Amino acid sequence: MGAGPAALCIASELVQQGLKVNAISSNSPETPWANTYGIWAEELASLGKESLLGYRWSNTVSYFGNGLEPKGILPVSHDFDYGLFDQSLLQNSLLEKCQGLKWQVETVDKIAFKKRETEVTCISGNIYIARIVIDAVGHKSPFILRPDKGPVAQQAAYGIVGRFSSPPVDKNQFVLMDFRPDHLNEVELREPPSFLYAMDFGQDIFFVEETSLACTPPLPKKILEKRLYSRLSHRGIEIEEIIHEENCLFPMNLPLPYLDQPLLAFGGSASMVHPASGYMVGALFRRAPTLAKELAESIEMKPPLDSLTLAKRCWKVLWNPELVQRHRLYQFGLERLMSFDEELLREFFIAFFKLPKKEWSGFLANTLPLPKLIVVMLRLFYMAPMKVRLGMIGL
């Protein structure tokens, strides 16, 4: 179920395994995706998919100073290439791998689990029967069961692709995080912090986005929009043309689904968003082939396995013990970061990006093995200033 990046990733791998796949989505799979998807280029290169990038920047920086004194306006260079997917190319490349898959443009109404199979009933009244169903419609799915652990932190962002009176970032530059708060008043400085995520698209076109890393409740669009305009105005920059507006809102610390339910999930439905960075596309590419292989092998077993047994086997692959523990560590880290004020958050990221490149990039991509992740988190703790350490342990 679904037609976004997660749905196409897993569907394409199932087709490659030779399985008979039927897809259901409220929208056509050819409907253009609304949001942009970024990734560190080395992570994509390790997957052999660099050709899917539409933009790539080598000049990648962040600003964690106060924006007032000379030292506070200097950027931190990441010395690491960052890219944006060519959305159309990414979508079409996955659709090409889905050759032979049947698409039903329908809206699912209810799902019933029979003795051996799963029955999907759509609003149209049409019923579809499957050995197993995979929910890949995103975090808002009403069908995936998960524990209620209270309010969920959400990342929110408001962005503009457009032309400006002067460049908001340097030529050929990508800004991962600009936390400089010199455009905020006394009241705003006490509110949950946000940062600028920005890049040069060339031909005098730039993308600027005000982003709240995670907050409960999420920062409203109107606040993010106001901060973005204020940030630009403070630097003497006016918006001359808006080509595209982007609004993002998704959960960062969504609890893991129950891993013993008969409905399988993938992507946002399966809580695969990185709890500390918000990235997911790299994880989709890494984990879809393994899940598809497990499902193909399980479906061939004799006597035939029922939907519940198939789902349980696949849940154990999608969320093996190590991935579960890593997810918990990231959730703990996010919980601490959400308690930091604007100044403390800047101090934290200054320390974070002093880690060796392979460590901080592996942390953001969720590619560090569990023992290494623990070592990196401990190293960060001892590298950080005392006030950041106290914040990490909740004091």
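State yes or no: is Y82 buried (at least 21 other Cβ atoms within 10 Å of the Cβ), over 29 Å from I132 (Cβ atoms) and not aliphatic (A, V, I, L, M)?
yes
Determine, yes or no, whether A45 is under 19 Å from F206 (Cα atoms), modelled with pLDDT under 95 and not acidic (D, E).
Spelling it out, it is not the case that A45 is under 19 Å from F206 (Cα atoms), modelled with pLDDT under 95 and not acidic (D, E).
Name the residues in segment 250-296 that are among the aliphatic types (A, V, I, L, M), within 25 Å of L334 (Cα to Cα) and assigned to a loop (DSSP other than H, G, I, E, B), would you?
Across segment 250-296, the qualifying residues are M252, L254, L256, L259, M272, V273, A276, M280.
Take the conditions of a type outside the set (V, I, T), exposed (fewer than 15 other Cβ atoms within 10 Å of the Cβ) and over 20 Å from V21 (Cα atoms) and apply them to L90. Does it pass?
no
For segment 21-67, enumerate the residues that are among the β-branched types (V, I, T), surrounded by 15 or more Cβ atoms within 10 Å (Cβ to Cβ) and part of a loop (DSSP other than H, G, I, E, B).
V21, T36
Picking from K316, K354, K387, which residue would you name as being in a loop (DSSP other than H, G, I, E, B) and at negative phi?
One residue alone meets the criteria, K354.
Among all residue pairs at least 6 apart or on different chains, which show Cβ distances below 6 Å where the first residue, located in segment 287-314, is without any contact (Cβ under 8 Å) to a residue 24 or more places away in the chain and the second is outside any loop (DSSP other than H, G, I, E, B) and hydrophobic (A, V, I, L, M, F, W, C)?
E294/C314; E294/V317; S298/L310
Count, please, the residues in segment 154-178 that happen to be in contact with a strand residue (DSSP E or B) (Cβ under 9 Å, 6 or more places away or on another chain), surrounded by fewer than 23 Cβ atoms within 10 Å (Cβ to Cβ) and part of a loop (DSSP other than H, G, I, E, B).
6
The values are calculated or read from the model by the stated rules, or taken from the named source; none is laboratory data. Remember, predicted model here, so these are calculated numbers, not experimental data. Note that we place each Cβ from the backbone using ideal geometry, even for glycine, and neighbour counts take in every protein chain shown.
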